[in-house]
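The values are calculated or read from the model by the stated rules, or taken from the named source; none is laboratory data. Small disclaimer: the values here were computed from a predicted structure and weren't measured. We place every Cβ from the backbone using ideal geometry, glycine too, and count neighbours over all the protein chains shown. For the accessible areas, the whole protein counts, side chains as well, though only heavy atoms, and no ligand, DNA or RNA atoms are used. Shrake-Rupley method; radii C 1.70, N 1.55, O 1.52, S 1.80 Å.
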Amino acid sequence: MNLSDMLNKKKKMEDTHGPEEQELNELPEDSIGIDIENPGGANLEPIEDTLSDEDKLKVEVAEWQNKHLRLYAEFDNFKRRTSKERLELLQIAGKEVIIDLLPILDDFERAQKSIESATDINAVKEGVKLVHLKLKNILVQKGLKEMETIGTEFNPDVHEGITNIPAPSNDLKGKVLDELEKGYYLNDKLIRFAKVIIGA
């Protein structure tokens, strides 16, 4: 191949590729100075790796503060929701008890009318006993239980000592002799102390 053939070939290459591309093709790959996998020489390391330790700590503190605020808001909503539910539950429970007690109120009103015109005292007594029994049964169904006190050892956890009197016998000393006011449990939880008289 002579010199003129070489010049013609070079001219054809310049026409098809342009002079810049030809120069790039002629240069060795490592002398171009451009990383093909990372053009522009951009640093692809994660941003966190470029942050200083102080900046990393600031980012972490900001994340924890955000989490704390979210948890505080969730807990505040939870408290508000549960207190509302508790209030509604108490209102509903009170409503059920009152509905169950309404028939007894009706019985008392009927008894009061019959007392005004009653001539037989025994019939009035019997009517009052029946209403009392009905009331007691409804309260027992709701979990109310009377405390048994007379003849038991005085217990300051469930008894309220009003006074003491001389015990009729030695085995009744320190025991409940009489009951002025009954004590009650509701679902096995003490709701009223028994007011008692103790033998001394």
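Structural remarks
- Oblate is the label for the stretch 109-200. Its Cα gyration tensor axes, ordered a ≥ b ≥ c, give a/c of at least 1.5 and b/c at or above a/b.
- Zone residues, the stretch 133-172, relative to Ile92, backbone N less than 11 Å from point 7 Å out along Cα-to-Cβ: none
- Calculated from the alpha-carbon coordinates, the stretch 83-130 shows an Rg and a Dmax of 17.0, 54 Å respectively.
- Take the stretch 123-199 with all the other protein chains still there, run a 1.4 Å probe, and you get 68 Å² of accessible area per residue.
- Net charge contributed by nearby residues that have their C-beta within less than 14 Å of His159 (K/R +1, D/E -1): -4
- Based on the Stokes-Einstein relation at 4 °C and a viscosity of 1.567 mPa s, and on the Kirkwood radius from alpha carbon pairs, the stretch 56-176 is assigned a translational diffusion coefficient of 61 µm²/s.
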